[in-house]
Each structure stands twice: as structure tokens, then as C-alpha cells.
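Trainee: Shown below is the structure under consideration.
The values are calculated or read from the model by the stated rules, or taken from the named source; none is laboratory data. Please read all numbers here as calculations on a predicted model, not as lab measurements. All Cβ positions, even for glycine, are placed from backbone atoms using ideal geometry, and neighbour counts span all protein chains on display. Side chains included, ligands, DNA and RNA excluded: accessible areas come from the protein's heavy atoms. Shrake-Rupley method; radii C 1.70, N 1.55, O 1.52, S 1.80 Å.
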Amino acid sequence: MTDISALIAGIAEELRFADNRGKVANYIPPLALVPDTRFGMAVVMADGTVHTAGDAEEPFSIQSISKVFALTLALGAVGDQLWHRVGREPSGSAFHSIVQLETEHGIPRNPFINAGAIVVCDVLLGRLQPREAIGQMLRFVRELAGDDTIAIDETVARAEQDGGFRNKALANYMRAFGNIEGEVDLVLGTYFHFCALAMSCRQLAMAGRFLMGGGVSDGHRVVTEKRARRINALMMSCGHYDNSGDFAYRIGLPGKSGVGGGILAVAPGIASIAVWSPGLNASGNSQLGQLALERLVQRTGWSVFEPRLSQGL
Ligand SMILES: NC(=O)CC[C@H](N)C(=O)O
């Protein structure tokens, strides 16, 4: 039996003095203030045991990782109807790219790029007021994590509302194609509040349990097994923007990153994993977070592409 606590403590120690730490995002001013020396990791095993290392209890801005929770809520609200308005293919483009929207008639490639997540928010607002949708999201992640202290960082939400010019362009552009139905400001306000959720590695790994557990978290069914499998498939193919292929190649787990430097990764049936290191690579994914996950899967054999001997292969 591998000692997971010792394993991740070892990885945290190895990466402590890494010199290629990536660059902290600065286009959202409050994110630029986070020191690049922060590093946290949390692993929740299928049996419920939790292992943490480094700054695993410190909340950080989960940013695009919220797109996983928003997608889950939207699928719950409208089911497969969602796929009329957003695709399921990797974009091969940057997270905030606009280029494909012109030739693809305002239909974003997938729900994990900004354009796709903005459409997902618009879908949620088809049934709820922004305040209700934000409240629903907060209740959802609190329940998934089993932790009522999770909050939204209003400073981050406001900073994105004050800047966020690319997101405004994306939303307006999609509105021109008829793929945003609500008021652009309200849709974006909701989107920015989702992105501004602050969670620690422990809270995030706890919240990811339903994706590890075939849709079940802590004995409660959150989504069907089929839906959990499909969300994992989207995370594998699209969770890291134009870096998704490389993430699958190196790590081999469904994962979703955010520009706050967090990554949620899922080893189905085995573990839910969160890692945080604020420095980003050129595609906007945590540089050391990916390296830490790569080392973890190399040492545990948790990649989904690993032959599972227990299944008689
Ligand atoms: N990749 C990300 O985490 C991007 C999210 C960020 N809030 C944005 O919209 O730009």
C-alpha cells in the first residue's frame, strides 16, 4: 500500500525550489498578488481518507475549475439540450479565444473554454435570476465539499467585471449569433462570480468526489453514472484548453485547470485530487501543478490508461 501522505509530501518538497515555476496571472489584478511560492495538494481516496501537503488549506481563486460545477448544474437543468448551444470538441485554441466563433456561428467548441462557460451561465439564467444562480452554485460546491465556509471573493469578481474585456467581447459576439439570450452584463456577472469562488485544495478535492465515485459523493447521488463518465471525458479532452492533449499524454487523468493555478484531477474509482501552484505555463495552466500530478501518477499508476490488472486484463 502506497503511503499517499508521504508521497505528496515528497512531491511538495521536490518542487519547493523548482526554478521554472511559470508566471502568475496578472490580467486579473488580485490574482497577481498571490506569491508564486504557494504550493498545495490534497488527495481524497475512494474510501474517504484525505491526504494533504503544503498549503492545502489555503483558499485560492478556482477560476475556470468552476466551469465543471457550472456544467454539472446546467446538465441538471436542461440535460442534453445543452449540446445544441455548446460543442464537445477540444478547441485547440487559447481559453479566451474568439476566432472559431465566427466560422462556427457563435457555438463554442466546449463548455470548458470561456465562451462555452458563458453560454452555460446563460442557460442557467434561462430559469434563475443571477442572484439565484450564484446562490445555487455556492450551495452546490458547499454541499459537494461538505464545507459551509466556502465563499466567493467579491474583490476578484469585481476586478473581472471592471476588466474582462475579452469576455465581454465573447458574450456580445455570441449574442449577435443568438447564442446568448439574456442580458450580457447579467450573464457575465454570474460567470465572474462563479470564477471568483475561493476554495482550498482540500475543499476542491472533496468537491470532486462525485466524479471519482461514478456520480456518488459521500453516499449521495449527485449525477448519474453516465453523466459522471461524460463530464470526466470532457475534462480529459478539453480541460486544459490548447494544452489538453499534452495533459492527457503526461498525466492521463480527467482534469480541469484555472488561471488561479489550481487543477482538479480525477482518478475514477480511486481518488479525487487537487493541486495549487499559482505560476502558469504558456497555455494558462499551473506549471508545477501539472508536474506534481505527473509525478503522482507515475508513482501510483493512477493514469486511466494504465492496464487495471484487478479487472483481469
Ligand atoms: N482560464 C481561466 O481560468 C479563465 C477564467 C477567467 N475568469 C477569465 O474569464 O478569463
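Trainee: Going by the conditions given, is S244 within 20 Å of P111 (Cβ to Cβ), in the same structural domain as Y27 (by TED's automatic domain parsing), open to solvent by less than 20 Å² (accessible area, probe 1.4 Å) and away from the ligand (no atom under 12 Å from the Cβ)?
Mentor: Considered against the rule, which asks whether it is within 20 Å of P111 (Cβ to Cβ), in the same structural domain as Y27 (by TED's automatic domain parsing), open to solvent by less than 20 Å² (accessible area, probe 1.4 Å) and away from the ligand (no atom under 12 Å from the Cβ), S244 comes out as yes.
Trainee: Could I ask something else about it? Regarding H96, is this residue open to solvent by 40 Å² or more (accessible area, probe 1.4 Å) and either part of a loop (DSSP other than H, G, I, E, B) or within 29 Å of A292 (Cα to Cα) (or both)?
Mentor: yes
For every residue, the table says whether it meets (1) open to solvent by less than 20 Å² (accessible area, probe 1.4 Å); (2) under 22 Å from D246 (Cα atoms); (3) not in a loop (DSSP other than H, G, I, E, B).
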residue: T37; (1), (2), (3): no, no, no
residue: A56; (1), (2), (3): yes, no, no
residue: L75; (1), (2), (3): yes, no, yes
residue: E102; (1), (2), (3): no, no, yes
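Trainee: Just to be sure I understand the filter: pairs with C-beta atoms under 6 Å, separated by 6 or more residues or on different chains, first member in the stretch 255-268 and on the phi > 0 side of the Ramachandran plot and open to solvent by less than 10 Å² (accessible area, probe 1.4 Å), second member away from the ligand (no atom under 11 Å from the Cβ) and at pLDDT 95 or above. Which pairs pass?
Mentor: Short answer, once both residue conditions are applied: G261/W276; G261/S277; G261/P278.
Trainee: Of (1) surrounded by 20 or more Cβ atoms within 10 Å (Cβ to Cβ); (2) away from the ligand (no atom under 15 Å from the Cβ); (3) modelled with pLDDT under 95, R85 satisfies all except one. Which?
Mentor: It fails just one condition, (3).
Trainee: Also: Taking the stretch 238-273, which residues are small (G, A, S) and within 11 Å of the chain's Cα centre (by Cα)?
Mentor: Selection gives G239, G255, S257, G258, G260, G261, G262, A265.
Trainee: Test G163 against the stated conditions and say whether it is assigned by TED's automatic domain parsing to the domain that holds Q100, surrounded by fewer than 18 Cβ atoms within 10 Å (Cβ to Cβ), of a type in the set (G, A, S) and within 16 Å of the ligand (Cβ to nearest atom).
Mentor: Against the criterion (assigned by TED's automatic domain parsing to the domain that holds Q100, surrounded by fewer than 18 Cβ atoms within 10 Å (Cβ to Cβ), of a type in the set (G, A, S) and within 16 Å of the ligand (Cβ to nearest atom)), G163 qualifies.
Trainee: Take the stretch 33-69 and flag every residue that is without any contact (Cβ under 8 Å) to a residue 12 or more places away in the chain and touching a strand residue (DSSP E or B) at 6+ places or on another chain (Cβ under 6 Å).
Mentor: Correct list: empty.
Trainee: Of the conditions (1) more than 16 Å from the ligand (Cβ to nearest atom); (2) assigned by TED's automatic domain parsing to the domain that holds E132; (3) not acidic (D, E), F112 fails just one. Which one is it?
Mentor: The one condition F112 does not meet is (1).
Trainee: Separate question: Out of curiosity, is V119 in a helix (DSSP H, G or I), of a type in the set (V, I, T), touching a Lys or Arg at 6+ places or on another chain (Cβ under 6 Å) and within 14 Å of the ligand (Cβ to nearest atom)?
Mentor: yes
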